[in-house]
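Take a look at the structure below.
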Amino acid sequence: MTYNKKNIEDIDVAGKKVLVRCDFNVPLKDGVITSDKRIVEALPTIKYLLSKGAKVILCSHMGKPKGEVVAKYSLAPVAARLTELLGQTVELAADTIGADAKSKAAALKEGQALLLENTRFDKREEKNDPEFAKELASMAEIFVNDAFGAAHRAHASTAGVADYIPAVCGYLVEKEISVMGKALETPERPFVAILGGAKVADKLNVIDNLLTKVDTLIIGGGMAFTFAAAKGYGVGKSLLDDTKLDYCREMMEKAEKNGVQLLLPIDTTVADGFPNPIDAPIDVTVVDSDKIPADKEGLDIGNKTMELYANAVKAAKTVVWNGPMGVFENPTLAKGTIAVAEALAESEAITIVGGGDSAAACEQLGFADRITHISTGGGASLEFLEGLELPGIACLLDK
Ligand code: AMP
């Protein structure tokens, strides 16, 4: 897959009907949007298209209605919020590819926008059914994918429609692929990747792929203990996947063979057990990572490790981070994750944070504007780091 894809500025949209796949899967509570971040982030693409005189047909999924029409997953609140933010009416079609959607789409004038109802109200969406994709595409002349968070799914509205009409990316997807794609293809070096999170099993392919790309791979979080155990260290009651010990040994060998520096925690913050509830006050001590007592559980990296990792970030020209360094939901155990977030924020390097917990941590800590790029898609950015082809990107026209 190449990352050099045409975007909305590379195609003539004036007077054309343009189908835009957005990620309007916003959090709702009792029908009220609790964060409109995803809608706000979609505005530059929508405004550009409207300003060029396109007839804009927006679509998105919301929640998991599993192919049924479920009222609580209607995009009505999104249409209302879009109307406010754009300062012009964005009507909601009563269906996705039905008579109402088609007549409203056909009636659009230049510079007007319409929102189709939840694409997942039809079970053919997630099956990437060609008939459904064809019907959806038949309403427009150009397809714009701006939903990076859904780009790893081969669904009708994320990829299938591109079989019928020319497809380009919007500004959000463009930024994802230009920053992350460049980092993975032609990074400025030293290139440092930091991986954390609970389980090594979730990141097997990411580790494997990154070991062919980076200069330094840093491991933290629960997954570090399987590596520690693979080195022969006792890990006490820490999270351990003993089915992955051979895998970790293999990865350590691969790192050595590829000349990649693999950094593991040198000290660990331990407690008697996992906090319950997760944010309960907890007594901790810090021990060397090869001396975790049998009755203790490792729940965060220690101070020496924080410094080691921060120094590696300081020396880097490109940094990619995905996954917390500890049980960051607990303030006492969030220090390692905060230290890494801070190191990225202070770095002059190109800094990229994969979606999910690490992205949330940067935002909560107020570091977001000092990070080069925070990915909008957790699952999609992991698949990107795995080196997989994302269907929602592969289907776009090359430059
Ligand atoms: P992931 O979804 O794989 O990114 O993992 C995130 C989760 O990993 C968070 O909920 C953390 O609490 C958890 N986590 C991080 N470090 C540890 C650890 N040392 N022990 C147990 N869980 C951890």
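Each reported figure results from applying straightforward, stated rules to the coordinates on display, with no laboratory input. This structure is a prediction, so every number in the text was calculated from the model and none was measured. Cβ placement follows ideal geometry from the backbone for every residue including glycine, while neighbour counts extend to all protein chains displayed.
Looking at the range 11-87, which GluC sites (Glu not before Pro) are DSSP coil and have at most 12 other C-beta atoms within 10 Å of their C-beta?
Taking the range 11-87 and a limit of 12 other Cβ atoms within 10 Å, the loop GluC sites (Glu not before Pro) found are 68.
Applying a 10 Å radius around every beta-carbon, put 182-195, 69-82 in order of their mean neighbour count, most first.
182-195, 69-82
Please give the peptides 273-280, 301-308, 259-266, 380-387 ranked by average Cβ packing (other Cβ atoms within 10 Å per residue), highest first, as a rough proxy for protection. Could the numbers behind the result be given before it?
Numbers: 273-280: 12.2, 301-308: 20.6, 259-266: 18.1, 380-387: 23.2.
Top of the packing list down: 380-387, 301-308, 259-266, 273-280.
Return the whole-Å distance between the Cα centroid of the range 156-197 and the Cα centroid of the range 313-369.
Rounded to whole Å, the Cα centres lie 20 Å apart.
Placing +1 on the Cβ of each Lys and Arg and -1 on the Cβ of each Asp and Glu in the range 226-290, which of 236, 265, 252 has its Cα farthest towards the positive end of the resulting dipole?
Farthest towards the positive pole: 252.
All other residues with a Cβ under 10 Å from the Cβ of residue 304 taken together, and with Lys, Arg as +1 and Asp, Glu as -1, what is their net charge?
-3
Cβ under 15 Å from residue 113's Cβ, residue 113 left aside: what net charge do those residues give with Lys, Arg +1 and Asp, Glu -1?
+4
Set Lys and Arg Cβ to +1 and Asp and Glu Cβ to -1, take the dipole of the range 132-263 about its Cα centre, and tell me which of 226, 142, 191 lies farthest positive.
226
What is the sum of charges around residue 329, taking Lys and Arg as +1, Asp and Glu as -1, for the other residues whose C-beta is under 12 Å from the C-beta of residue 329?
-3
Once you order the gyration tensor axes a ≥ b ≥ c over the Cα atoms, which shape class does the range 50-117 get: rounded for a/c under 1.5, otherwise prolate or oblate by comparing a/b with b/c?
It comes out oblate by the Cα gyration axes.
Suppose we keep just the DSSP beta bridges with both residues in the chain; what percent of those would be antiparallel, to 5?
25 percent
What number does the chain give for Rg over Rh if you use C-alpha atoms and the Kirkwood radius? Don't jump to the answer; show the numbers that get you there.
On the way: Rg = 22.9 Å, Rh = 22.3 Å.
Value, to two decimals: 1.03.
Excluding same-chain residues fewer than 8 positions from residue 237, which lysines have a Cα within less than 23 Å of its Cα?
Within the straight-line cut-off, residue 237 pairs with 199, 203, 291, 296, 304, 335.
Would you mind getting me the FRET efficiency between residue 35 and residue 201? Use the beta-carbon distance for r and R0 = 25 Å, nearest 0.05. Show your work: numbers first, answer last.
Numbers: r = 30 Å, r/R0 = 1.21.
FRET efficiency, residue 35 to residue 201: 0.25.
P(r) tail for the range 1-148, what percent of Cα pairs lie past 23 Å? Working shown, then result.
On the way: 3357 of 10878 pairs.
Here the long-distance tail beyond 23 Å is 31 percent of all Cα pairs in the range 1-148.
Cα-based Rg of the range 234-297 per 2.2 N^0.38 Å, rounded to two decimals?
Numbers: Rg = 14.7 Å, N = 64, 2.2 N^0.38 = 10.7 Å.
It is 1.37.
Taking R0 as 25 Å, what FRET efficiency do you get between residue 110 and residue 10 from their Cβ-Cβ distance, rounded to the nearest 0.05?
Working: r = 20 Å, r/R0 = 0.80.
It comes out at approximately 0.80.
Can you list the DSSP H helices in the chain whose Cα atoms extend at least 30 Å along the helix axis and whose mean Kyte-Doolittle hydropathy is -1.0 or higher?
Qualifying helices, which must be both long enough and hydrophobic enough, do not occur.
Among DSSP bridges having both ends in the range 251-399, what percentage is antiparallel? Round to the nearest 5.
Around 55 percent antiparallel, to the nearest 5.
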